[in-house]
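We did not get these values from a lab; they are worked out from the coordinates using the rules stated. These numbers come from a predicted model, not from an experiment. Reconstructed Cβ throughout: ideal geometry from the backbone, glycine too, with neighbour counts over all protein chains shown.
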Amino acid sequence: MANFDSDFWYQLFVNQNPSRGLIGTSLFNDGERGAVLFEKANSSHTAQRWQFHEINSTTFVLRTQDGGADGYLAAFYNSNETTPGQTRPRMIKNTLADESVYWTVTPWGDGTFFLTNGANGTAWHLMRKVNGGLVLSSNLSEPHDGQRWTFKAWQGVNNVNNARYSTINLPFASATGTAVPTNGASTTGSPTSSGSGGLSTGAQAAIGASIGGVALIALIVGLLWFLRRRKQKAPYMQQAELPTDPPTELAPTTVKYEMMHENAVKHEMPAQAAEAPPVELPGNTVAPYAR
């Protein structure tokens, strides 16, 4: 475990080579961003004086005397970087900072340490390349050249001794620096991440709020559509009400047929026609049969 005193400035070296020191410049780019690189070791150079401000026993934020109390070592995606992951370190103003300003310092076991980033996860180590540039690398194979860091504390006249460096001022951390980073979040803008990577807390909150808003809008639209459709169907759903009074029975029509009674009018054939004698045909009306 690395032990740092936030009242001291430290120099950072790699591969146990004290001739080249890590520098973190002032925020020269619009007062918001600065550079991180190696140059010849010089303890009087304010850009080589690093403070480790403890977040917990293994995690720190780093800033330099040259970068000021509001300038932090962070990581960012750079499309020009050829190393897989395309992530480089830089100095950044506190108002633009994210979880990439959190750094974990872990011992290799040989007196050196490796640095990992809160936004990229433990599978990405801060490494000095052969050409002197700095990247976050996922190549963890032996002998870890460029990833073995050592530190030298400067005491006495080089003590921090500045109230502005006694606290950290970050949008997602408390004023006393007690916030604990969530390792595994991806660096802002980086399209790649390690297996332990993920979205930052701010990104998750934004996505959750967006999903909730979309769901609410969809619910309202669906309710309005249902009410409109129900209203359109209403005229066709009305039914005529049956009368509540019982039905009126019609009196049956009965036709009676009776035999003729005494007073009925009788129609008879004339008596003369009924008593006429039979008429005989004349005897000569039939011709004799001739043989």
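Here are a few things to note about the model shown:
Here is a yes/no grid of residues against (1) touching a Phe, Trp or Tyr at 6+ places or on another chain (Cβ under 8 Å); (2) closer than 21 Å to ASN56 by Cα; (3) surrounded by fewer than 14 Cβ atoms within 10 Å (Cβ to Cβ):
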{"site": "VAL105", "(1), (2), (3)": "yes, yes, no"}
{"site": "GLY109", "(1), (2), (3)": "no, yes, yes"}
{"site": "THR112", "(1), (2), (3)": "yes, yes, no"}
{"site": "ALA119", "(1), (2), (3)": "yes, yes, no"}
{"site": "TRP124", "(1), (2), (3)": "no, yes, no"}
{"site": "MET127", "(1), (2), (3)": "no, no, no"}
{"site": "ASN131", "(1), (2), (3)": "no, no, yes"}
{"site": "LEU140", "(1), (2), (3)": "no, no, yes"}
{"site": "PRO143", "(1), (2), (3)": "no, no, yes"}
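- Check on PHE60, assigned to a strand (DSSP E or B) and either over 36 Å from the mean Cα position of the chain (by Cα) or surrounded by fewer than 22 Cβ atoms within 10 Å (Cβ to Cβ) (or both): no
- Only residues that are touching a strand residue (DSSP E or B) at 6+ places or on another chain (Cβ under 8 Å) and either within 27 Å of THR122 (Cβ to Cβ) or surrounded by 19 or more Cβ atoms within 10 Å (Cβ to Cβ) (or both) were counted across segment 29-57, and they come to 15.
- Taking segment 1-44 and the strands (runs of 3 or more DSSP E) fully enclosed by it, no element has 1 or more residues that are free of Cβ contacts under 8 Å to residues at least 12 places away in the same chain and over 14 Å from ILE92 (Cα atoms).
- Evaluating GLU54 against the criteria (1) in contact (Cβ under 8 Å) with a residue 60 or more places away in the chain; (2) within 34 Å of the chain's Cα centre (by Cα); (3) more than 20 Å from LEU115 (Cα to Cα) leaves one unmet condition, (3).
- Of the residues examined, ALA119 is one that is part of a loop (DSSP other than H, G, I, E, B) and touching a Ser or Thr at 6+ places or on another chain (Cβ under 6 Å).
- Options THR83, THR95: the member that is surrounded by fewer than 24 Cβ atoms within 10 Å (Cβ to Cβ) and assigned to a helix (DSSP H, G or I): THR95
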